[in-house]
Amino acid sequence: MSQVNVYYNYYVPKNPRRACEVLSCMGVMLDDPNITRMIVLAEPSEIHEPSELVYWKVERRPLVADYFAAAAFHSGADDVNVIINSDCFICPSTTAKLKKTPAGEAYCLSRRDMKSLVPYRINWAEERAKRPVRYAMQDAWVFRGPPRPGMWLEFPLGKPGCDSRLAHELQEVGYRISDPFRRLRVCHYHVSAERTWSYDDRVPPPYVNPPKSWDQRVVDKCIGVAKKLCGLQ
């Protein structure tokens, strides 16, 4: 029976408000019945055992290669694996759909920015501002089974360009990449002012941006309407 495994980097930011945001995201996923296991990438000083968590030990800020190594070790042949940024979670109302992830496809999921967690509110002003560049902003990656070999993954998550480079690497080893962000909602919880990255420090190209996935029923309906308007049926 397939499981849903989430691979997550646990760390405690120095800023208390930022630490609360990160731990809140982890808590939402721990409480989600649709998530079978959380495999937590953490430095030895952050590991607390015994624990219901499964730990994957790292000695520094994890690289994407560390997440994929953990997935290669822990994933069953039919498991669904989710790699996600530490300040994000997948909305529990949509996580049941993770088990429908098709083999050979890699979801590169763009996010919704949160205004608050309790009550649950989307920052619609931020959403409108980022709409033109949403195609190049992903925060979670989903695939079925152990990851395919042959990718260059020597860079961390959270660094500018990491998402577009990871999409390129997934596509290069044969995954069909897509971004079904309407069906699987990734929530980004970062309302504190702290920022620890710079646009000048980027993961190098090549880059790829995943196409958006649309509900096929909607696509078929639009095609039908277009044919009628054009007198083709």
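The values are calculated or read from the model by the stated rules, or taken from the named source; none is laboratory data. Quick caveat: nothing in here was measured; it's all calculated off a predicted structure. Methodologically, a virtual Cβ is constructed for each residue, glycine included, from the backbone with ideal geometry; neighbour enumeration extends over all protein chains shown.
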Out of V118, V142, I need the residue that is over 19 Å from R176 (Cα atoms) and of a type outside the set (S, T, Y). Which one? V118
Out of the stretch 1-46, which residues are among the β-branched types (V, I, T), surrounded by 15 or more Cβ atoms within 10 Å (Cβ to Cβ) and not in a strand (DSSP E or B)? V22, V28, I35, T36
Scanning the stretch 101-143 for residues that are of a type in the set (A, V, I, L, M, F, W, C), modelled with pLDDT of 90 or more and crowded, with 16+ Cβ neighbours inside 10 Å, the one farthest from S24 (Cα to Cα) turns out to be A106
Can you pull out the strands (runs of 3 or more DSSP E) entirely within the stretch 77-136 that have at least 3 residues that are within 18 Å of N34 (Cα to Cα), touching a residue at least 60 places away in the same chain (Cβ under 8 Å) and out of contact with any His (no Cβ under 7 Å at 6 or more places or on another chain)? 80-84
Could you tell me which residue of the stretch 48-94 is modelled with the lowest pLDDT, considering only residues that are surrounded by fewer than 18 Cβ atoms within 10 Å (Cβ to Cβ) and of a type in the set (G, A, S)? S51
Top-ranked residue in the stretch 175-195 [being farther than 20 Å from L98 by Cα and touching a residue at least 12 places away in the same chain (Cβ under 8 Å); ranked as surrounded by the most Cβ atoms within 10 Å (Cβ to Cβ)]: Y189
So, of the residues in the stretch 177-233 that are modelled with pLDDT under 90 and polar (S, T, N, Q), which turns out to be farthest from C108 (Cα to Cα)? Q233
Take the residues in the stretch 15-66 that are of a type in the set (S, T, N, Q) and touching a residue at least 24 places away in the same chain (Cβ under 8 Å); name whichever of them is farthest from M1 (Cα to Cα). N15
What is the one condition in (1) modelled with pLDDT of 95 or more; (2) farther than 12 Å from A65 by Cα that M151 does not satisfy? (2)
